[in-house]
Amino acid sequence: MSIACDTCVVRNRAICSVLDTDELVALNRIGRTRTISAGQTLMWEGEDSALVANVLDGVLKLSTGTEDGREQIVGIVYPADFIGRPFGARAQQTVTALTEARVCVFARGDFDAFAREHPALEHKLLQRTLTELDRARHWMLLLGRKSAMEKMASFLLEMSERLVQNGCTPDAGPLDRFTLPFGRQQIADILGLTIETVSRLLTKLKNDGVIDLPSRREVAILQRDILHHRAG
Amino acid sequence: MGMWPYFPELLAVPVPRYTSYPTAAEFQDGFGDADGVAALAKVQSPASLYIHIPYCEKICWYCGCNTGAAGRTSRLNAYLTALDAELELVAARLGAGGAPRDLSRISFGGGSPNAITPLAFVRLLDRIVTAFGSILPHISVELDPRGFTSHWAGMLGSIGVAQVSFGVQTLADHVQQRIGRVQPRATIEQGVEMLRAAAIPSINFDLMYGLPGQTTGDLIETLDAASQMRPERIALFGYAHVPDMFARQRRIDASDLPDAALRFEMAAMGSAFLLAAGYIEVGFDHFALPHDPLAKAAQSGQLRRNFQGFTDDSADVLIGVGASAISVFPDILLQNEKNAGRYRMRVTGGQLASTRGVRRDADDAIRAKIIEDILCLRPTDLSRLDGWQAAVDGLTAFVERAVARLDGAMLSPTRDSAPYARSMAVLFDRHRRASARQFSQAV
């Protein structure tokens with residue numbers, strides 16, 4: 001049994017939670033744990049196959065490059081998420097850390113083959129892939145929102161739901177208070193807004209009593225129903 | 001409800017099914033990547049996407065689709081990788097590489113989309129979301145009831161699939177044996193139960209008449225059993241026996257096939273049965289329950305015809321992805337490379353897969369509209385077409401027999417039009433008169 005799984009902070013929520021100790025040891029042989037710093041792109045040296053990963057800690061973005069050189073962000077992943085959308089050398093998507101992050105990385109072919117031999121994991125893999133699809137659709141809906149305020153409000157709601165800390169109660173509900181894992185410029189980049197607009201919208205939500213901003217990185221949601229309303 | 005009157009003289013000439021105009025028979029070689037790039041660049045409104053999965057667990061003898069046996073997993077995986085590549089290429093070129101825009105509809109056909117695993121299917125949808133920025137507003141999937149599992153049904157329900165189609169064909173055991181597609185009634189019933197449990201709102205059955213050894217009694221029994229399962233839609237196709245085009249049909253004993261008169265009787269009885277069972281006529285060979293969107297489209301004049309048959313999809317552009325898939329643009333029809341190996345080579349090499357096609361000019365567009373109106377069984381204004389009077393001679397035989405009405409330049413259907421619609425449509429097909437190509441009988 002590897003030390004990594006023994007002490008894994010997302011152990012009870014990750015896709016591999018259905019595996020027993022021996023199976024985890026076997027899974028560990030085909031995966032690697034990587035720590036990457038903010039801004040770094042997740043790669044696996046010497047490996048040209050598509051990759052998948054478990055997020056242990058940190059927040060990362062999935063993005064694709066468009067033909068004219070622009071970056072299209074197609075999702076944000078949080079601790080305990082499984083990144084089943086393939087990335088790496090032979091895939092169109094890249095995964096970049098927005099904060100310092102730790103992940104377990106696998107070659108997708110290896111992971112799929114392992115799942116085929118472990119029906120409980122295979123079932124979980126399908127469920128996780130469905131969840132990812134659902135989140136991807138929500139993400140596109142968020143980006144497709146018409147007004148900047150709708151995008152901002154949707155994004156705050158999404159974060160309050162996705163930043164729920166791991167622990168013994170996985171279904172604790174959304175957070176009313178959380179620390180933004182990234183700065184205003186990064187939020188602007190993700191939402192396709194300017195940093196001035198992001199700051200203005202946060203200030204407006206604060207002045208309207210919908211949220212509070214106790215510090216530069218902290219957000220408190222005071223009136224969730226109004227925030228939902230502003231999300232469109 | 002009376003039965004359609006039989007006028008064999010109006011049905012003497014084999015005619016196309018007009019899933020497009022010009023039909024695929026008019027496609028020429030000499031089209032390529034540049035034609036696809038140019039057509040995609042001009043798309044401005046949301047397009048629909050069709051994904052072709054040309055594999056089946058088993059190959060049925062009657063089938064005229066471009067399919068192969070699913071066989072080894074590696075072959076399917078290679079094909080799925082190619083689909084991913086083509087989706088990227090298409091999305092990047094759609095609307096000249098502007099911001100990704102949502103799709104109108106996404107349809108999966110084949111073959112049998114359920115020849116791939118539920119996981120592979122969900123991943124494919126994820127690629128579409130990512131590549132096109134689509135929220136997947138409306139998804140439809142063709143399914144083979146054999147090998148349809150609760151995993152598949154549950155997955156379709158989770159995704160919120162709007163419409164599925166079951167290839168039923170016939171429930172008569174001896175006919176199933178003759179066409180190489182054995183699927184007991186219980187298989188269909190269980191499949192429908194699984195789909196209902198997954199809250200899929202609209203189920204279609206594809207059924208066939210004119211099959212080898214099939215009697216009118218067999219057909220009515222099938223329709224009776226099928227309509228008791230209450231699928232929202234039923235498509236009742238005439239089996240087209242063209243073994244020169246589809247080698248697999250040579251396994252079917254042609255001496256066993258119903259003749260033209262019996263085929264007509266089957267089509268007529270089938271239609272009368274389904275109307276009596278509460279279904280509404282949708283185009284010349286589809287039926288739908290009144291609450292289904294397809295029935296509503298037929299009644300409001302919004303019905304469309306495309307490669308999937310009749311549809312309530314209003315998009316003017318249909319992008320076909322996959323080997324042999326056909327794309328429809330206002331001014332051009334394009335077909336992808338049919339051979340799966342060459343298709344993979346093309347798209348993984350960064351080239352769109354179109355190899356064949358036909359351009360449509362303004363005259364074609366008017367003819368296409370008139371033909372679509374006729375097949376959708378709604379009135380159509382012929383005066384839009386230069387020289388429309390030339391078709392009047394041909395229409396007279398239909399008008400005299402009360403299977404159509406002509407008031408000035410307005411051609412309207414009567415309640416007996418359906419079996420004659422394709423034979424009227426051919427009068428507006430400028431490609432057809434000179435061609436000796438083999439088509440199926442109109443009924």
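Of all residues being more than 17 Å from B:Asp313 (Cα to Cα) and in a loop (DSSP other than H, G, I, E, B) in segment B:129-162, which is nearest to the other protein chains (Cβ to nearest Cβ)? Just the residue, please.
Result: B:Gly133.
Please enumerate the residues belonging to segment B:163-185 that are touching a strand residue (DSSP E or B) at 6+ places or on another chain (Cβ under 9 Å) and either within 14 Å of chain A (Cβ to nearest Cβ) or of a type in the set (S, T, N, Q) (or both).
Matches in segment B:163-185: B:Gln163, B:Ser165, B:Gln169, B:Thr170, B:Gln176, B:Gln183.
Would it be correct to say that A:Cys16 is without any contact (Cβ under 8 Å) to a residue 24 or more places away in the chain, crowded, with 16+ Cβ neighbours inside 10 Å and away from chain B (no Cβ under 14 Å)?
The answer is no for A:Cys16.
Tell me the residue from A:Asp110, A:Asp57, A:Asp48 that is away from every other protein chain (no Cβ under 11 Å), in contact (Cβ under 8 Å) with a residue 12 or more places away in the chain, surrounded by fewer than 22 Cβ atoms within 10 Å (Cβ to Cβ) and under 25 Å from A:Glu161 (Cα atoms), please.
Going through A:Asp110, A:Asp57, A:Asp48 in turn, just one is away from every other protein chain (no Cβ under 11 Å), in contact (Cβ under 8 Å) with a residue 12 or more places away in the chain, surrounded by fewer than 22 Cβ atoms within 10 Å (Cβ to Cβ) and under 25 Å from A:Glu161 (Cα atoms): A:Asp57.
Within the group B:Gly301, B:Gly270, which residue is surrounded by 20 or more Cβ atoms within 10 Å (Cβ to Cβ) and under 21 Å from B:Thr414 (Cβ atoms)?
B:Gly270
Please go through segment B:232-249 and give me each residue that is in contact with a Phe, Trp or Tyr (Cβ under 9 Å, 6 or more places away or on another chain) and of a type in the set (A, V, I, L, M, F, W, C), ordered by number.
Within segment B:232-249, B:Ile234, B:Ala235, B:Leu236, B:Phe237, B:Ala240, B:Val242, B:Phe246 meet the criteria.
Say we look at segment B:217-251 and pick out the residues that are touching a residue at least 60 places away in the same chain (Cβ under 8 Å) and in a helix (DSSP H, G or I); which of these is farthest from B:Arg422 (Cα to Cα)?
Going through the qualifying residues, I end up with B:Arg251.
Please enumerate the residues belonging to segment B:245-261 that are under 12 Å from B:Val443 (Cβ atoms) and surrounded by 15 or more Cβ atoms within 10 Å (Cβ to Cβ).
Result: B:Pro258, B:Ala260.
Does A:Thr33 satisfy the criteria of being more than 14 Å from the chain's Cα centre (by Cα), polar (S, T, N, Q) and not in a helix (DSSP H, G or I)?
Judged against the criteria, A:Thr33 is a match.
Name the pairs whose Cβ atoms lie under 6 Å apart, with the first residue in segment B:275-294 and assigned to a loop (DSSP other than H, G, I, E, B), the second surrounded by 20 or more Cβ atoms within 10 Å (Cβ to Cβ) and hydrophobic (A, V, I, L, M, F, W, C), and 6 or more positions between them or separate chains?
Close Cβ pairs satisfying both conditions: B:Tyr279/B:Phe287; B:Gly283/B:Phe310; B:Gly283/B:Leu375; B:Gly283/B:Cys376; B:Phe284/B:Leu375; B:Phe284/B:Ala418; B:Phe284/B:Ala421; B:Asp285/B:Leu236.
Given the structure, is B:Arg367 of a type in the set (Lys, Arg) and either farther than 21 Å from B:Gly309 by Cβ or free of Cβ contacts under 8 Å to residues at least 40 places away in the same chain (or both)?
It is false that B:Arg367 is of a type in the set (Lys, Arg) and either farther than 21 Å from B:Gly309 by Cβ or free of Cβ contacts under 8 Å to residues at least 40 places away in the same chain (or both).
Each reported figure results from applying straightforward, stated rules to the coordinates on display, with no laboratory input. On a predicted model such as this, the values are computed, not experimentally measured, just so you know. Glycine gets a Cβ as well: all are built from the backbone with ideal geometry, and neighbour counts include every protein chain shown.
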